[in-house]
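Supplied in C-alpha cells, the structure appears directly below.
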C-alpha cells in the first residue's frame, strides 16, 4: 500500500507512515466513510475494503461536502486545469482508449484536489474548474491552490500511458458570486471576473506550468518561487493583467517570513522585549529559560521574535528556528526535518548523495557520531548505505533519533549560547511535541533560551515548570494603534484623522489587521474628505484577511453563519431580541446557534438570555460576515431590522434615529431614511456633536438629491440645508468649508422664497447674511441684516426680532458702527431669555444668542472706552456659556474673551481663554478656533519667546489667508504687525499693515481702521528721518478715524504714539495738550496698560515742561 504523502510502501495495517510519519486513513470508495487501516468492510455502507477496494488517504484536510446555499459574495481562488494535446490524442487514439485516458485524468484530479481543500466544481471534457474557499473558506486557500497545482502536474505526469500526460493551469483570486444562482441544482456556479481571468491565464501557460494572477501572488507572498511574466493583454479585459509563473515552493520559509514584512513598525512591546532580554542574559549565564507567548492570530508573536533577533544581531549565538505548519500537523517531526534541511543548505536540484554530503558537513560542526548522522539521514529519507545498519524497529529507531537530536542540542551550547524558537505550536505534530517536551526539561541547566509561540486554543503543558515563563500578548491600545497606522501610511500618504480613526476602530488593536487595512486604504487611492462618509463603513475587508476571517465562520456551519450575517447587518453589537425578531427562526435554534458562535470565540455575550447583547470579537469579522451577503438579501435584512427596531425598541428610534436611518438607507428606502437622518442631525446639534450632525445631514441631503423634484422634497431639502449649514459652521468652520456654507445658505434662500415659508425663509436669510459677514462681504451683509430686521418686524415675532438684532449688531460691530452695536446688543440682552431662546443656537450660527450679545457688547464697550464695563460683560458671557452647558456657546464666549484680553494687553488670561476655545473645539470635533491660534502665538511672543511667537502668528495668519474667512482677519494682521514692529522687523510689519488696510478697503470692515492707520504711522516713525512727518499724518488720521467711530480706546493709543513722536520733535506742549484732552475723556479702566502708559507719558511731559527740567 502507498502513503499518499511521501508515496512510500506501507503495511496494510499501519496507522502511520513509517517513512514520513503521516497519519493514514482508509477511505471507502463507495460512500467516502473513513475507517482505520486493516478494516475489511465499510462500517457505514458495508462495501468491501479488502484488496483494492479501499483507498488510503491522508486526513491533512478533508473538505466538507458542498451544501446547497443561497448565492452569496465570496473571496475564492479559482483554478482552471486543462489537459495538453487532448485534441491530438482524440485523433490518434481509439475512442475507448481516449475515454480511459480522460477518465484516468479526471479521476487523478478528483483524488488530488480534495487533499488541498479544493472542490471540483465542473468537468468539461479535458477541462476542470476547481474552487478553493468553497464551500468553506480556509485562511490559506490561495497557497493550497498553488500546491494543488504542483501536485496535479506531478500526479498526472505519473499516470500510465503510451506517453506522459501534461497539463496547464491558470489560477486567480478575488471576489465572486457563488451558490444557487438560477435555481435548484445550480449551487456550484460562480460569477465574476475571477473565473474568466483564471481561464485567460490558462492560455499563457506552457505545458506543465502554472500561471497565477497578481491578486493570487499578493496573497501567497514568497511561499513560492515565482517568475514575473509581466503585463499581458487578455481577451475581455480592458487593462493588461500582470501574471506570474510558478517555479516551485520555497519550502524553507516560515509563514511569517513568507507572508509578512519584518519592516512593519514595532510598537507597544517594550515590556515583553525587556523580559526577553533579561531571560536571554540569564540563559547566556547557563540558566536555561523558556518563554511561552500566547496570542490570537496577527497579534505580533512572530514580529516580537524578529525584534529580539534584531536586537541580538551583534552578539555571537546559534539560532535554531523551528516552524510548525498547518499542512503538516500529521507529519512526524516536520519542524525538525525542515530545520535540518535549511541548516544543511539543501537545494531544490540537489541529488540525494549531495544532500547527504551536506548533512555530514553540518553534523561535523558538532563532531556528531556516525550513528547520529545515519539516524538523521534516515529521518530525511536519504540513503544510508555508507553507514552501519540503522535500527529497523520503528519504536527503537524513534527513541534513538530523539537521543541523537538531544545530543546535538547538548553539544551546541558548549560553543555559543543557543536561541531556540518554536513558532505556531497550535500546528505542532504529536511527535515533535514529545521531542519539545524533552528539550524543555533538558535545557534548564544549559546556555539555551527557548521561545515558543501559539494561539490561545493551544494548551501549553509546561507553564508550571520553574524555568518557564508564560505570557499573553494583548491588543494595542488606541494610542499605539494610531501610531502604528500613521507610521504604516507615512511613506505613501497622509491620512486624515477621521480615516485613521476608522482604521483603528476596524483593526481592534491587532497589528496584522491594522497593517492590512492601512495597506488597503493606501493602495485604494486618495482619501475621502471628512464629513462625506456614507451610512455604512467604507473600509473593505482586505483580501489577505478575508479568507482567514470567513474560515472561522464556515467551520461552525451554515446556520451559525446565517445568524452571524444577521448580527453583522445589525452592527458590531446586537441584541438577542432584535436578532431573534429578524431571523424568524425557532427560539431554541437561535439560542443554540448563538451559543456556538460564543463558544467558537467569534462573538462575546453580555448578560443572560433573553436580555443579552452580543459583540463581534473583531470589527473585521463583522465586516467579513456582512460582505458575503448579496445586495437583495442585504437590503431585505436591513428593511426587516429597521421595522423590528421601530416595533420593539421605540427608545432607540427616539434617542438614536441614525440607527434606523442607516438600515433604511441600506435597504434602499431613501425617503424614510432621509427623514431619520434629518432627525439624527437635529438631535446631534442639540447634543453639541457637530461632526456627527454634519454626517447625518449630509447623508440626508445625499439621499434627497437622488429623489425626484416635488414641493414635499423641496420642503425637506430646506429643513436639511438649514441644519447642515449650522453643522458645517460648528464642525468645520469657514476656514475649511467656507464655500460650502455659502452655497448651502444661498440654496436655502432660493428654496425659502419659492415655498413661501416666512419663518424658514427668515432662517435661510439669516444664514445667508452670516456667510456674507464671515467671508468679508460686509456692506452686502448689512443690507441683508436690515432685510432680516424688516421681515421680523413684519411678522411681529419677538423671537425672530432677537435674531434680527443678532444679525445687525454683529454686522455693525465689524463696520465700526459702535453706537448701533451697543444699542442692538442691549436690545438683544433685554429680549433674551435663556430658557426660551437657547434653542436658537441650533438654528442661528451654532452659538447662543445671549452669549453673543454679551460678547459683542464687551468688545464694543472696551473700544468706546469702558474697560471696566467690558470686563463685566465678558464675564457675563462666560458665565452664561458655562451655565447653559453648551460647549460651542462656551467656546464662543471664550474666544471673544481671549480677544478682549489681548486688547487689554493681558497675555495670561488671553492664553487661558484661547486654550479653552481650542480644547472645546477639539473635544467637539470642531475647528471653530477663529483667532485663537494667532492669540496663542501672541502670548508666546509676550512671554519673551520672540521667534516662536512670530512663527506661530505667521502660521495662523497664513491659514486664514488661505481660507474664505475674513471676519476679524484685519485684527489678526494688526496684532501680528505690532509684534513684528516690537521685534524690530519694520519692513515686514509695514507689509502686514498694508495688507490689513487692503482688507479693510475691500471688506469695509472698519472697526480696526484706526488701529491700522496708527500702526502704519508707528512703522514710519520707527524709520525716522524724512518718514517722521508722514508718520505724524498717519497718526492724526488714526485719531480722526477713531473719533468718528467713537472708538476712544483706539484714539488714546494713536494719541499716545503721536505724543511720543512730538515729544522727540520739541512739540511737548502740543503733545501734552492732545494726550491730556483724550485721557480726560475716560471715566474707568485707569489701571489698564494703555491708560497707564498714557498717564506715565503725561507725567513725563508735565515734568519736562517745567522750567529747568
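Bear in mind that the values in this text are calculations on the coordinates, not laboratory data. The model shown is predicted, which means the values in this text are computed figures rather than measured ones. Note that each Cβ is placed from the backbone with ideal geometry, even for glycine, and that neighbours are counted across all protein chains shown.
Residues in region 493-513 near a label at residue 487, defined as backbone nitrogen under 13 Å from the 7 Å Cα→Cβ point?
What the label zone holds, given the 13 Å backbone N cut-off, is 511-512.
Could you list the residues of region 343-370 with an amide nitrogen less than 18 Å from a label point located 7 Å from the Cα of residue 312 in the Cα-to-C-beta direction?
343
If we count other beta carbons within 10 Å of each Cβ, what is the order of 325, 497, fewest first?
Values: 325 19, 497 11.
Least to most surrounded, the residues fall as 497, 325.
Ok, one more. What ranking of 863, 930 emerges when the number of other C-beta atoms within 10 Å of each C-beta is taken as an exposure proxy, fewest first?
Working: 863 29, 930 26.
Fewest-to-most ranking of 863, 930: 930, 863.
What is the Cα centroid distance between region 572-611 and region 757-800, reported in whole angstrom?
Rounded to whole Å, the Cα centres lie 55 Å apart.
Let me ask something else about it. Pairing the Cα long axis of helix 670-686 with the longest principal axis of the chain, what angle in degrees results, from 0 to 90 and rounded to the nearest 10?
Rounded to the nearest ten degrees, it is 60.
With N set to the residue count of the chain, report its C-alpha Rg divided by 2.2 N^0.38 Å to two decimal places.
On the way: Rg = 39.8 Å, N = 1109, 2.2 N^0.38 = 31.6 Å.
Against the compact-globule rule of thumb, the ratio is 1.26.
Another question, if that's okay. What distance in nm lies between label points placed 7 Å from Cα along the C-beta direction at residue 1103 and residue 478?
Those two pseudo-labels are separated by 6.0 nm.
Among 1079, 322, 676, which comes first, second and so on when ranked by fewest other beta-carbon atoms within 10 Å? Working shown, then result.
On the way: 1079 18, 322 23, 676 27.
The fewest-first ordering by Cβ neighbours comes to 1079, 322, 676.
Apply 1/(1 + (r/R0)^6) to the Cβ-Cβ distance of residue 350 and residue 107, taking R0 = 45 Å, and write down the FRET efficiency to the nearest 0.05.
Details: r = 33 Å, r/R0 = 0.73.
Calculated transfer efficiency: 0.85.
Checking the a/c ratio against 1.5 first, then a/b against b/c, what shape does the Cα gyration tensor give for region 278-472? Provide the component values of the computation, followed by the final result.
On the way: a/c = 1.69, a/b = 1.49, b/c = 1.13.
It comes out prolate by the Cα gyration axes.
What whole number of Å gives the distance from the Cα centroid of region 330-349 to the Cα centroid of region 977-1052?
Cα centroid to Cα centroid, the span is 84 Å.
In units of 2.2 N^0.38 Å, what is the alpha-carbon radius of gyration of region 105-234? Don't jump to the answer; show the numbers that get you there.
On the way: Rg = 14.6 Å, N = 130, 2.2 N^0.38 = 14.0 Å.
So the Cα radius of gyration is 1.05 times the expected 2.2 N^0.38 Å.
Further, regarding this structure: Calculate, for residue 282 and residue 406, the FRET efficiency according to 1/(1 + (r/R0)^6) with r their C-beta to C-beta distance and R0 22 Å; round to the nearest 0.05. Before the final figure, lay out each step's value.
Numbers: r = 22 Å, r/R0 = 0.99.
The formula returns an efficiency of 0.50 here.
In nm, to one decimal, how far is the modelled label at residue 632 from the one at residue 158, with both set 7 Å along Cα→Cβ?
Distance between label points: 4.7 nm.
Find how many whole Å separate the alpha carbon centroid of region 677-717 from the alpha carbon centroid of region 410-465.
That distance is 61 Å.
Can you compute the modelled spin-label distance between residue 1029 and residue 759, with each label point 7 Å from Cα toward Cβ, in nm?
Taking the two extended label points, one gets 6.6 nm.
Restricting to bridges with both residues inside the chain, how much of the DSSP beta-bridge set is antiparallel, in percent to the nearest 5?
Values: 52 of 79 bridges.
The antiparallel proportion sits near 65 percent.
For the chain, what relative contact order do you get, as a whole percent, if you take Cα pairs closer than 8 Å and at least 6 residues apart?
Numbers: 1897 pairs, mean separation 65.8, N = 1109.
Taking the mean separation of contacting Cα pairs over the length of the chain, I get 6 percent.
Turning to a different aspect of this structure: Give, in nm to one decimal, the length gained when the segment between residue 714 and residue 123 is fully stretched (0.36 nm per residue of separation minus the Cα-Cα distance).
Details: separation 591, 0.36 × 591 = 212.76 nm, distance 5.84 nm.
Net length gain for the segment: 206.9 nm.
Right, next: Between residue 1070 and residue 214, what is 0.36 nm times their sequence separation minus the Cα-Cα distance? Round to one decimal in nm. Mind showing how you got there, number by number?
Numbers: separation 856, 0.36 × 856 = 308.16 nm, distance 8.68 nm.
Roughly 299.5 nm would be gained on extension.
So if R0 is 22 Å, what FRET efficiency would residue 589 and residue 613 give, r being the distance between their Cβ atoms, rounded to the nearest 0.05? Before the final figure, lay out the partial values.
Details: r = 20 Å, r/R0 = 0.89.
The value I calculate is 0.65.
Sticking with this structure for a sec: When you count, for each residue, the other Cβ atoms within 10 Å and take the mean per peptide, how do 549-557, 795-803, 677-685 rank with the highest first? Present the calculation step by step, with values, prior to reporting the outcome.
Numbers: 549-557: 19.9, 795-803: 17.6, 677-685: 24.4.
The densest-packed peptide leads the list: 677-685, 549-557, 795-803.
Classify region 764-863 from the C-alpha gyration tensor, please: rounded if a/c falls under 1.5, else prolate or oblate depending on whether a/b exceeds b/c. Let's see the in-between values first.
On the way: a/c = 1.43, a/b = 1.08, b/c = 1.32.
Judged from the Cα gyration tensor, region 764-863 comes out rounded (a/c under 1.5).
In region 562-582, which residues have a backbone nitrogen under 16 Å from the label point lying 7 Å from residue 643's Cα in the Cα-to-Cβ direction?
Inside the label zone: 578-582.
What full-extension length gain, to one decimal in nm, is calculated for residue 229 and residue 982 as 0.36 nm per residue of separation minus the Cα-Cα distance?
So the extension gain works out to 264.3 nm.
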